[in-house]
Amino acid sequence: MTEEHAKDTRATGSPVVNAGPDGGASVLVIDPAGAGVHGTLPASWSALDAHVAWVRLPAAGPETARTELSRLGATGPVH
């Protein structure tokens, strides 16, 4: 895969992946490389008892990360 193709791939796909229960603690993952292109969280994260918001910056941009932080912070602590 060429470097240009890899950049194009990271810029496509779901910009934000949300998973897990709402209303409690949350984890905000800021993915500057945009590696999580599958639209789901890694299977090993399913054991977390927290809501996870995975923001892929190449697809979403920094404003989306700020919006997610504000949204999650309104319902509980964010890690």
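Only the coordinates and a few stated rules stand behind these numbers; no lab work does. Computed from a prediction, not measured in an experiment: that's the story for all the values here. Positions of Cβ are generated from backbone atoms using ideal geometry, with glycine treated the same way; all protein chains shown enter the neighbour counts.
Listed peptides 47-57, 24-34, 61-71 appear in the order 47-57, 24-34, 61-71 once ranked by packing, highest mean of other Cβ atoms within 10 Å at the front. Normalising the average separation of contacting C-alpha pairs (under 8 angstrom, six or more residues apart) by the number of residues puts the relative contact order of the stretch 26-79 at 51 percent.
With the simple spin-label model, which puts each label point 7 Å out from Cα in the Cβ direction, the His38 to Thr75 separation comes to 2.4 nm.
Under 5 Å from the amide H of Ser14 lie the amide H atoms of Gly39, each residue being 5 or more positions distant or on a separate chain, with H modelled from the backbone and absent for Pro and chain starts.
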